[in-house]
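Heads up: the structure comes next, in C-alpha cells.
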Amino acid sequence: MARDEREDVLLRSAAAQAEEELLRAKEALEARSAELARSLAMMRATFDATSDGILVTDRERCIIDYNRQYVAMWRLPDGLLERAKFHHPMEACSCQIRDRAAYAARLDEIYETAPPETTDLLEFLDGRTFERISQIQYLDGREVGRVWSFRDITARKQADEAQVMLAAIVESSEDAIISKDLDGIIRSWNRGAERLFGYTGEEVIGRSITLLIPPELIEEEQFILQKLRRGERIEHFETVRMSKEGRRLNISLTISPVRDHHGRIIGVSKIARDITESKRLQDILAWDALLLASVRDAMVVVDFNGTITYWNEGAARLLGWTVAEAMGVHYSGLFPDAAHSLIAEQISAHATSALEWSGEYEALRKDRSRVWVDARIVPVADAAGRPLGILGLAHDISERREAEEALRAADQRKDEFLALLAHELRNPLAPLRNGLQVMRLAAGDAKMVAQARVMMERQLGHMVRLVDDLLDLSRIGQNKMELRLAQVSLKDVIDSAVETARPMISAAEHELTVDLPAGDTLLDADLTRLAQVFSNLLNNSAKYTENGGRIWLTGERRGDEVVVTVRDTGIGIPANALAGVFDLFSQVDRSIERSTGGLGIGLSLVKGFVEMHGGTVVAESEGRGKGSQFTVRLPIASPARVPEAPAAGRTAHEDDEPAHGRGRRILIVDDNEDAARSMARVLSLQGDEVLAVHDGAEAIDVAETFQPQVILMDVGMPGMNGYEVSRRIRNKPWGRTPAIIAVTGWGQEDDRIESREAGCDGHLVKPVDLVELDKLMDALVRAKRAANAAPQES
Ligand code: ADP
C-alpha cells in the first residue's frame, strides 16, 4: 500500500476513534447531567418535605429560596414569595409577629454582627410560638447568605407551661399530694403533705408509705394496692393516719393509679385531706340541726335585701305561712305593720352598727288574725363574721297576756272590793256608836235604851252577816267548806230563806209569791247553806227592784231534779253583764250597789253552795228594766233514805229566852281584854258569877281557886294557846270538874276534833251567839253535875 493511502487509512481511523470518543464523552455527560437533575429534584423534594419551614436569603436580606412548609407556617397568599424572590427582604411577612419592632431590631442585629448561628423565639399574634434558627452559608470560603429554619413549638411550649402550672398547683395545694410506686415507696411529697404529716420530703421520699399508717390499720395498704393494681380508683376513703409527732389525723383519701404512655400502671397518686375539723363541724352541724328542729320558737332570717332566707316550722306554726310559701319572699309581704318597720329599721341599722331589739308586739297571721308574740331581733353573721342579715325569734304569748290581763282585772276588782268592804264594815259602826251614846245619855229612859239596843243588835247582825259571808267565801275558795248534809225538805229550806229575807222584802213593800210543788220534795242538803242560797236571791230581788215590785219564787219537780226560780220585776241585768254576775266582787253598776249596800259576793256564794250540792244556777234577764230571773237546779234525794232531823243552824228557833240569874261560876279566858270584859259584863248581868283572865298561865292559877263550872276558852292566844291551857287544866287533880268551851274563829270539823282532843266539852264559833252559849252552858253544867254525882268508875 502506498504511503498516502496508508496515511489516509490512519487518518480515517483516527478520526473515527475521535468521533467515537466524542460520542462516549457526550453520553457520559448526558448521564451525568440526568443524575444531577435527579438529585436536584430529590433535594427539592426533601427541602419541601421537611417539617420545618426554611428560607434562604442572600447577604442583602433578599429572599433566594423557601420551602412549602415556610409558606404554610406564615400563611402567605399564593405566589407572594415567587414574586418577591431575589429582590424582596425577609421582613415581608413580619406583620404577623406580636412585637414587630423587636423582631426588626433583631434582624438588623443579626445582619450587622453576622453570627454564624442564631436561635430566637417568635411569638405570633395568633398565639403560636416559633423557634427560629439561622446559619451563615459559605461558598469557597465566602459568605453568600443565610438559611433560616422555623419550627412551630406552640404545643411543646403549652405542655411546658402546663407542667409548671401543675407542679405549682401540687406545691401550693392545701391537701397533701403524694405519689408512690406499686411497692408503696413514696416518690413525691408536696408542701401540703409536709404540713399535714409533719415530715419533710427528704425525710420520707424513698421510704414506705406504711410509715403513716397506724398499726391497727396496716392491712388497709394491701387492700388499697390491690384495688389500684386492678386499675380502680378510690375516692373519699375516710380513715386515720399518723403524723410525725404521733397525732392521729382524720383524713379523707382519694387514690388513683398513674399510668405510663403505654397505659401500664407504674405508681399511685394520693390526695389526703385533713377532715378532723370538718368532722368536728359536721358533728356540730348535726347537733345544730337537731337543736333547731326541737326549737318551738319561730325563727326567721331576712337578708339585707329584705328576702326571707330561713323560715322554720315554728314560724309556720305561729304565722300560718308554710316554709315553702315564705322562703325567698320579701318580708314586707309577710310582715305588715309593726314588724315591718321594725325589720326595716334593723336592716338599715346594719349599715352603721349591729342593733338588737326585743319586745312584745301583735303579729298578723296569714289568716289576718292577730297573735301577741315575744320577739327578739338580732343580727346574724357567718363564721367569718360577715353580716348575713337579721334573725327574728318569736313565740306566742297570747295565753300569758290573757292570764296577765285576767290577773290585772282580778287585782283591780280586789282593790275595789277592799275599798267597798271597808265602807260596808264602817257603815254599821256609826249607828252603833250613836246607840252607845244614847244609852249613856238616856240611861234612865228605859224605852229609849231599849230602842237603841234593838237598833244596835240589827246593825251588829248586819256586820256579823257580812263577816260570815266573807268567811264562807274564803272557805269555799280553799275547799274548806263542809256541808252538814241531811235529807231536808225543799219547803223547810224555802221557809227558812223567806223568813230571813222577809224584813227586806217588807221594807221595800214588794209582793212575794211562793209556789212550791205539792207534797214533800226531799233534798240531800245542808239546810242552812241552801236556805242562804235562796235568801240571797230573794234579798237581791228585793234590793234590785224599785219599791212596790213583785217577786215570784217557784219550785217545780222535773224528773230527778227540782228547779227553783226567783224572778222579779226589777232593774234587770244587761246582756253583756249576765255571764259575769256570779264572779266574785262583780257588780253590774257600782253606783246602785253602794246605795243598797253589798259587796258583790252574794251570787258567788250562791253559785258555790249550789255547785257543792251538785246543782247549777243561771241568771237570765231581757235587759235593763225588764226584771231578772235566777234558776237553780238541784238533784232530788233518792227516796230510799229516811228523813233525818234538820241540822241545827243559825235559823234554829226554839225557846230563845236566855235564863237569867242562874248563878253559874264562869271563867272567861281571852287575850282580847275588851272582848273578855264585855262578855263578863253581859254574863254577870244575867246573874252569873264571872271572872275574866287574859292569858293561859293565869287561867290555870285562877281556875284552881275559883273552881269555875264553865271555862270559856279563847283558842287563839299568844304564848300558850287555848288547847294547851285546856290540856294542862285536865291534868290537874281538880281539872275534870269544869266544863270547857272552846271559842274560836274556826268551826270546821277538824277544828272541833282538835278541841275535843284537847279536852274541851263544847266548841263555839265567834262571834258567840248568846242564846246558843247560854243553852250550851246549861246543858254542860247539868251533864257535869250528873257525872259527878254518879259513882266514879275506876
Ligand atoms: P251584791 O252584794 O252587789 O248584791 P251579788 O253577788 O249578790 O252582790 O250580785 C252581784 C251583782 O249582780 C249585783 O251587784 C247586781 O248588779 C246584780 N244583780 C244580782 N241580783 C240581781 C237582780 N235580782 N236584779 C238585778 N241585778 C242583780
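The values are calculated or read from the model by the stated rules, or taken from the named source; none is laboratory data. All figures in this text were calculated on a predicted structure; none of them were measured in a lab. Virtual Cβ from ideal backbone geometry, glycine too; neighbours counted across all protein chains shown.
Criterion first (at pLDDT below 90 and of a type outside the set (A, V, I, L, M)) does Trp189 satisfy it? In short, no. If I filter region 483-503 for residues that are over 29 Å from Ala430 (Cβ atoms), touching a Gly at 6+ places or on another chain (Cβ under 9 Å) and surrounded by fewer than 17 Cβ atoms within 10 Å (Cβ to Cβ), do I get at least one hit? There is at least one residue in region 483-503 that is over 29 Å from Ala430 (Cβ atoms), touching a Gly at 6+ places or on another chain (Cβ under 9 Å) and surrounded by fewer than 17 Cβ atoms within 10 Å (Cβ to Cβ). Of all residues in region 520-531, none are in contact with a Leu (Cβ under 8 Å, 6 or more places away or on another chain), assigned to a loop (DSSP other than H, G, I, E, B), modelled with pLDDT under 90 and near the ligand (Cβ under 9 Å from one of its atoms). Residue count for region 548-604 under the criterion of being among the acidic types (Asp, Glu) and modelled with pLDDT under 85: the result is 3. Here Asp769 fulfils each of the conditions (1) over 21 Å from Arg665 (Cβ atoms); (2) at pLDDT 90 or above apart from (2).
The condition of being under 60 Å from the mean Cα position of the chain (by Cα), surrounded by fewer than 16 Cβ atoms within 10 Å (Cβ to Cβ) and assigned to a loop (DSSP other than H, G, I, E, B) holds for Glu174.
Rundown of residues vs (1) farther than 26 Å from Glu704 by Cα; (2) not in a loop (DSSP other than H, G, I, E, B), yes/no style:
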residue	(1), (2)
Arg736	no, no
Ile740	no, yes
Gly747	yes, no
Asp751	yes, yes
Glu754	no, yes
Val771	yes, yes
Asp774	no, yes
Ala783	no, yes
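Each row is one residue, and each column tells you yes or no for (1) modelled with pLDDT under 90; (2) touching a Phe, Trp or Tyr at 6+ places or on another chain (Cβ under 8 Å); (3) surrounded by 10 or more Cβ atoms within 10 Å (Cβ to Cβ).
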{"position": "Leu23", "(1), (2), (3)": "no, no, yes"}
{"position": "Ser33", "(1), (2), (3)": "no, no, yes"}
{"position": "Ser51", "(1), (2), (3)": "yes, no, no"}
{"position": "Tyr66", "(1), (2), (3)": "yes, no, yes"}
{"position": "Leu80", "(1), (2), (3)": "yes, no, yes"}
{"position": "His87", "(1), (2), (3)": "yes, no, no"}
{"position": "Ala92", "(1), (2), (3)": "yes, no, yes"}
{"position": "Tyr103", "(1), (2), (3)": "yes, no, yes"}
{"position": "Leu107", "(1), (2), (3)": "yes, no, yes"}
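Applying the condition of being among the small types (Gly, Ala, Ser) and more than 9 Å from the ligand (Cβ to nearest atom) to region 542-586 and asking which residue is surrounded by the fewest Cβ atoms within 10 Å (Cβ to Cβ) yields Gly559. Among residues of region 614-638 that are small (Gly, Ala, Ser), those with a Cβ under 6 angstrom from a residue that is away from the ligand (no atom under 16 Å from the Cβ), sequence gap 6+ or separate chain, pair up as Gly614/Pro635; Gly615/Arg633; Gly615/Leu634; Ala637/Gln487; Ala637/Leu522; Ala637/Leu523; Ala637/Asp524. Summed over region 601-626, residues that are surrounded by fewer than 21 Cβ atoms within 10 Å (Cβ to Cβ), within 13 Å of the ligand (Cβ to nearest atom) and among the charged types (D, E, K, R) total 4. Condition check for Ala422 on (1) touching a Gly at 6+ places or on another chain (Cβ under 7 Å); (2) without any contact (Cβ under 8 Å) to a residue 60 or more places away in the chain: one failure, at (1).
The conditions of being surrounded by 11 or more Cβ atoms within 10 Å (Cβ to Cβ) and among the basic types (Lys, Arg) are met by Arg376.
From the list Ala41, Ala72, the one residue that fits, being under 29 Å from Ile110 (Cβ atoms), among the small types (Gly, Ala, Ser) and either surrounded by 10 or more Cβ atoms within 10 Å (Cβ to Cβ) or over 60 Å from the mean Cα position of the chain (by Cα) (or both), is Ala72. Considering only region 684-704, state which residues are at pLDDT below 90 and in a helix (DSSP H, G or I). Within region 684-704, Ser684, Leu685 meet the criteria. Evaluated against (1) in contact (Cβ under 8 Å) with a residue 60 or more places away in the chain; (2) aliphatic (A, V, I, L, M); (3) not in a strand (DSSP E or B), Ala779 falls short on exactly one condition, (1). Summed over region 395-424, the residues that are surrounded by 14 or more Cβ atoms within 10 Å (Cβ to Cβ) and out of contact with any Phe, Trp or Tyr (no Cβ under 9 Å at 6 or more places or on another chain) give a count of 3.
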